[in-house]
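Chemist: Okay, here's the structure, questions in a sec.
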Amino acid sequence: MIDAGSEGAATPRHSHRRQVFVPGDLHNLGDLKLVLQNLAVSRGEGGAVRYWARLPAAIVRQVEEAGGELTPGKRLLHFAGRAFGTDLVIGGGQIVRDNVSIASMFGLALAAVSARAGGGRVVTRGLGVSVIRSRSRRFLWRMVLRRCAVVNVRDAASARNLADLLPGKAVAVLADMVFLPTGAYVEAEREPVARWIVVAPCDDGSERRSLDGAALDAVLDAAQAALPDARVAIACHDPRESMDKASAARLASRWQGREPHVFDSFELETLTQLYRDAALVVTNRLHSLIFAILADAPALAIEDGTAKVRVVADDFAIPLIGREEAAKAGAKVAAALAFDGAARAQVRQELGRRAALNLD
């Protein structure tokens, strides 16, 4: 069970088995924040952190400073050996997806078998579960998740997808781990003058995701009219050249007249500070919405058909606008700027309490 309240840091009551953490892609600063939170609640014991692709030096440094020891997932047998008899901690984040490589899935399945064979456990924290259609991935995800006593998921949509993937499996619907109050969790101290209209794109062809459409420019026009002293910032949550940085370059070229500033650092604190200084956040990215919520910044979600974004928008009464609903831009921006801060803080506190239930 847990030792946690609605205020302050949450800490788990767990055995003294070593922990091995399986995060999402650490190039993504939302996933980096989640693994830093896992390390923050490890009672100073740290743990091994699985990675797949080579990481920038800034990411390596931030993980190691938090007490993590990076271990390569591509060395399948080595990683399975590291997991033997440990608590293999999967999540948080949207890890159960249909676009994870078979090699990565096979390595994770080996590690899950190894953890259990040595008397350890497989646990999940605030897991996001997508619809899994691939037969091979369904088989491998079942190998992993059936070794959990209970699968802790972050929302009802994930619970429904888990029921389709693994019927009858015990599941607990909790909350996204990013809401967990830890030593690494610092709510914003709002500045008197917010400086940025933050646009955080998520373009993912494999999931048919994009924030682009007629509404985006209309939203920026309305935002700049309402916030004449704020500049436009483009936030890269995955700053690789092939990921958000490419989207940012395209938008910056299109918006030359708006003179946007691109934030493409791999430093989590740089991104966090940007949200603290946000006058408005416009995004179709889940963790951008959550960063805005933690920073107590106004937010407007662009609807791209992604259930996980809608869930958080609904929970926090964040306005949604369809990609082609340009005519609604003015009203939606006004609604975003007029959010109820007290009501949002209450929901945030409750989700923090539920996120702490991911720990045991």
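Chemist: With helices defined as uninterrupted DSSP H runs, which ones in the chain have an alpha carbon span along their own long axis of at least 20 Å and mean Kyte-Doolittle hydropathy of at least 1.0?
Modeler: Values: long enough: 102-117 (22 Å, 1.58); 341-356 (22 Å, -0.77).
The answer, listed by residue number, is 102-117.
Chemist: From Cα pairs below 8 angstrom and at least 6 apart in sequence, can you work out the relative contact order of the range 19-184, rounded to a whole percent?
Modeler: Working: 355 pairs, mean separation 36.3, N = 166.
Result for the range 19-184 is 22 percent.
Chemist: Calculated from DSSP H runs of 4 or more alone, at -39500 (n - 2.57) each and per residue, what is the 222 nm mean residue ellipticity of the chain, nearest 500?
Modeler: Value at 222 nm, helices only: -12000 deg cm²/dmol.
Chemist: Counting only protein heavy atoms and using a 1.4 Å probe, what share of the accessible area of the range 188-319 belongs to carbon plus sulfur, as a whole percent? Can you show the working numbers first?
Modeler: Working: 2520 of 5080 Å².
That fraction is 50 percent.
Chemist: Kirkwood Rh over Cα pairs of the chain into Stokes-Einstein at 4 °C, 1.567 mPa s: D in µm²/s?
Modeler: Details: Rh = 20.7 Å.
In µm²/s, the coefficient is 63.
Chemist: Hey, got the dipole for the chain? About the Cα centre, +1 on K and R Cβ, -1 on D and E Cβ, debye to the nearest 20? Provide the component values of the computation, followed by the final result.
Modeler: Numbers: 46 positive and 41 negative charges, 369 e Å.
I would put it at about 1780 debye.
Chemist: Past 30 Å, Cα to Cα, is the threshold; run Lys245/Lys308; Lys245/Lys332; Lys169/Lys245 against it and keep the listed order. Can you show the working numbers first?
Modeler: Numbers: Lys245/Lys308 23 Å; Lys245/Lys332 27 Å; Lys169/Lys245 39 Å.
Over 30 Å apart, Cα to Cα: Lys169/Lys245.
Chemist: For the range 13-62 and the range 79-146, what is the centre-to-centre distance using only Cα atoms, to the nearest Å?
Modeler: Centre-to-centre (Cα) distance: 16 Å.
Chemist: Counting only DSSP beta bridges with both residues in the chain, tell me the antiparallel percent, nearest 5. Display every interim value, and only then the final one.
Modeler: On the way: 3 of 43 bridges.
Within the chain, antiparallel bridges account for around 5 percent of the total.
Chemist: For Arg254 and Ala343 in the same chain, what is the full-extension length gain: residue separation times 0.36 nm, less their Cα-Cα distance, in nm? All intermediate terms of the calculation are to be shown ahead of the outcome.
Modeler: Numbers: separation 89, 0.36 × 89 = 32.04 nm, distance 3.68 nm.
28.4 nm is the gain from fully extending Arg254 to Ala343.
Chemist: Using only the Cα atoms of the range 217-360, build the gyration tensor, take square roots of its eigenvalues as a ≥ b ≥ c, and label the shape rounded, prolate or oblate: rounded if a/c is under 1.5, else prolate if a/b is larger than b/c, else oblate.
Modeler: Numbers: a/c = 1.69, a/b = 1.26, b/c = 1.34.
Oblate.
Chemist: Further question: Taking the mean number of other Cβ atoms within 10 Å as a proxy for protection, how do you rank 195-203, 345-353, 149-157 from highest to lowest?
Modeler: Numbers: 195-203: 24.8, 345-353: 17.2, 149-157: 20.7.
Ranking the peptides 195-203, 345-353, 149-157 by packing returns 195-203, 149-157, 345-353.
Chemist: Please calculate how many Å² of accessible area the range 19-184 carries per residue, with a 1.4 Å probe and no DNA, RNA or ligand atoms counted.
Modeler: On the way: 6070 Å² over 166 residues.
Ligands and nucleic acids excluded, the figure is 37 Å² per residue.
Chemist: Highest mean first, what order results for 314-324, 227-237 on Cβ atoms within 10 Å? Please list the in-between numbers first.
Modeler: Details: 314-324: 17.2, 227-237: 19.2.
Those peptides, ordered most packed to least, come out 227-237, 314-324.
Chemist: How would the range 212-275 be classified by its alpha-carbon gyration tensor: rounded, prolate or oblate, with rounded meaning a/c under 1.5 and the a/b versus b/c comparison settling the rest? Numbers along the way, then the final one.
Modeler: Values: a/c = 2.22, a/b = 1.38, b/c = 1.61.
Oblate, because a/c is 1.5 or more while a/b does not exceed b/c.
Chemist: Can you work out the accessible area per residue across the range 196-349, with the rest of the protein chains kept in place, probe 1.4 Å, in square angstrom? Could you put the intermediate results ahead of the total?
Modeler: Details: 5950 Å² over 154 residues.
So the range 196-349 comes to 39 Å² accessible per residue, rounded to a whole number.
The values are calculated or read from the model by the stated rules, or taken from the named source; none is laboratory data. Small disclaimer: the values here were computed from a predicted structure and weren't measured. In this analysis, Cβ positions are derived from the backbone assuming ideal geometry, glycine residues included, and neighbour counts consider all displayed protein chains. Note: accessible area is taken over every heavy atom of the protein model, side chains too, but ligands, DNA and RNA are not part of it. Shrake-Rupley method; radii C 1.70, N 1.55, O 1.52, S 1.80 Å.
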